[in-house]
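Single-structure report; data block below.
The values are calculated or read from the model by the stated rules, or taken from the named source; none is laboratory data. The model shown is predicted, which means the values in this text are computed figures rather than measured ones. So basically every Cβ, Gly included, is an ideal-geometry build from the backbone, and we count neighbours across all protein chains shown. What goes into the accessible areas is simple: the full protein's heavy atoms, side chains included, and nothing from ligands, DNA or RNA. Shrake-Rupley method; radii C 1.70, N 1.55, O 1.52, S 1.80 Å.
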Amino acid sequence: MRTLGIETSCDETALAALDGDGRVLAHLLSSQAAAHAPYLGVVPEIAARHHLEALPRLLDGLAREVPLEGIELVAVTRGPGLIGSLLVGTCFASAWAWARGVPLIGVDHLEGHLVSPFLSLDGAPAREAPGPALTLVVSGGHSSYFLLDGGEARPLNRTRDDAAGEVFDKVAAALGLGYPGGPVIDRLADGGDPRAFGFAPPRIKDPAGALDFSFSGLKTAVMRRAAELAELPLADPEHPPQAVVDLLASFRSTIAEWLLAPLEALVDRHRPRVVAASGGVAANQELRRRLTAWGELRGIEVVLPPPALTTDNAVMIAWAGQLRARRGLLDDPRSLRAYPRAPWKAGADRKGRPVFPAL
Ligand code: KG4
Ligand code: ZN
């Protein structure tokens with residue numbers, strides 16, 4: 001099923017066309033980072049307007065690479081995300097599918113991130129996730145391990161406070177490093193000593209063995225320490241004092257370590273055949289290095305998405321939609337609804353009920 005994917009849940013407008021085996025025929029992305037940078041975060045109204053302006057332009061661009069007449073399915077992100085942005089995307093997708101008589105499927109944004117490790121940008125077909133697969137989804141809004149098995153995805157833990165990407169963004173904002181913070185900190189941290197600063201792990205009451213994350217204490221500690229080391233915001237963000245660079249390296253290393261801390265226990269519990277990571281923070285070099293090294297040591301296959309597919313994109317939405325459509329799940333273009341908040345709660349359901357009925 002040749003599929004058109006549409007993603008507008010946050011601040012990236014993205015379109016992609018995939019063939020029936022999940023090969024990427026074309027993918028386009030219009031980033032709004034520059035429009036939001038002065039505000040150090042995403043401004044919902046600006047985001048929605050940008051999507052509205054960018055979508056027709058991107059679709060024209062896509063049509064130059066892939067004939068739209070051959071599209072047999074439209075997949076669109078329906079939530080969670082910014083409601084204005086989601087409405088622009090779902091209305092655009094619904095209208096296009098309805099006008100052309102092409103089937104439509106709404107996809108959960110997280111479902112897209114969950115399948116992204118199994119996609120390629122080298123012209124190879126997508127891989128079916130071998131079950132059970134243990135996948136860490138780490139982005140600006142989520143930090144959870146999921147278990148994918150038999151077409152079902154189940155959240156295993158969650159963060160009690162900030163998401164990992166949010167902490168990168170907030171630390172960067174406090175230091176004057178701009179938005180988004182993850183890529184800048186990742187780059188600067190390469191020049192620092194990751195052992196220069198240590199941080200006490202959070203003390204979480206965990207009688208149920210949930211293995212939840214907590215990052216807000218780390219965020220505060222890094223911000224405080226940075227303020228002791230230099231005047232904030234930094235006068236020259238491209239060249240911070242070496243002590244601050246060491247702090248950023250230690251911060252990056254600590255986040256990666258804490259994200260991987262539940263891994264052994266979860267592997268023992270669920271015996272996954274592969275371990276994967278996805279979401280914007282899965283672009284982080286330290287996290288990728290540590291996870292790869294862990295997999296080699298443990299003899300377990302580690303699957304990471306190409307860096308370009310870690311952050312929000314339409315390729316993953318198209319593929320998740322195609323997997324849903326294969327199971328006969330379709331939506332009515334006259335009544336597809338967007339949702340700002342996930343209808344499920346990561347980590348809330350410890351009874352083993354599936355979150356997504358089909359992947
Ligand atoms: O998946 P994504 O594009 O959007 C959400 O669904 O949230 O993730 C964006 C997040 C941002 O917080 C950004 O700072 C973070 O991913 N990020 C990174 C890196 N690249 C993006 N965090 C750490 N290291 C990176 N290299
Ligand atoms: Zn995302």
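Here are the numbers:
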| read-out | value |
| --- | --- |
| √(5λ) per eigenvalue of the Cα gyration tensor, region 186-320, largest first, Å | 29, 20, 14 |
| Rounded to 5, percent antiparallel among DSSP beta bridges of the chain | 55 |
| C-alpha long axis of helix 242-260 to longest principal axis of the chain, angle in ° | 60 |
| Between region 200-229 and region 8-25, the Cα center-to-center distance that results, in Å | 36 |
| Heavy-atom surface of region 112-203, accessible at 1.4 Å and reported per residue (Å²) | 37 |
| Acute angle (nearest 10 degrees) that the helix 164-175 long axis makes with the longest principal axis of the chain, alpha-carbon atoms | 60 |
| Label zone at GLU128, where the point sits 7 Å out along the Cα-to-Cβ direction: region 297-331 residues whose backbone N lies under 17 Å | 319-329 |
| Amide proton proximity set for GLY279, modelled H, under 5 Å, gap of 5+ | VAL138 |
| Extent along principal axes [Cα atoms of region 45-140; Å; largest to smallest] | 39, 33, 23 |
| Relative packing of peptides 146-156, 220-230, 165-175 - highest average C-beta neighbours within 10 Å first | 165-175, 146-156, 220-230 |
| Heavy-atom accessible area ranking, 1.4 Å probe, most first, across GLU264, GLU53 | GLU53, GLU264 |
| Whole-percent carbon and sulfur share, accessible surface of region 193-275, 1.4 Å | 51 |
| Binned Cα-Cα distance frequencies in the chain - 10 Å width, integer % | 5, 25, 33, 25, 10, 2, 0 |
| Förster radius 22 Å - calculated FRET efficiency between ARG195 and SER216 (Cβ-Cβ, nearest 0.05) | 0.40 |
| Accessible surface of region 82-139, 1.4 Å probe, proportion on carbon and sulfur as whole % | 64 |
| Inter-probe distance in nm under a simple model that places probes 7 Å from Cα toward Cβ, at GLU264 and GLU296 | 2.0 |
| Residues ARG327 and ALA235, FRET efficiency given R0 of 56 Å [Cβ-Cβ distance, rounded to 0.05] | 0.50 |
| Per residue Cα convex hull volume in Å³ - calculated over region 108-217 | 158 |
| Summed residue charge, Cβ within 11 Å of THR77's Cβ, Lys/Arg positive, Asp/Glu negative | -4 |
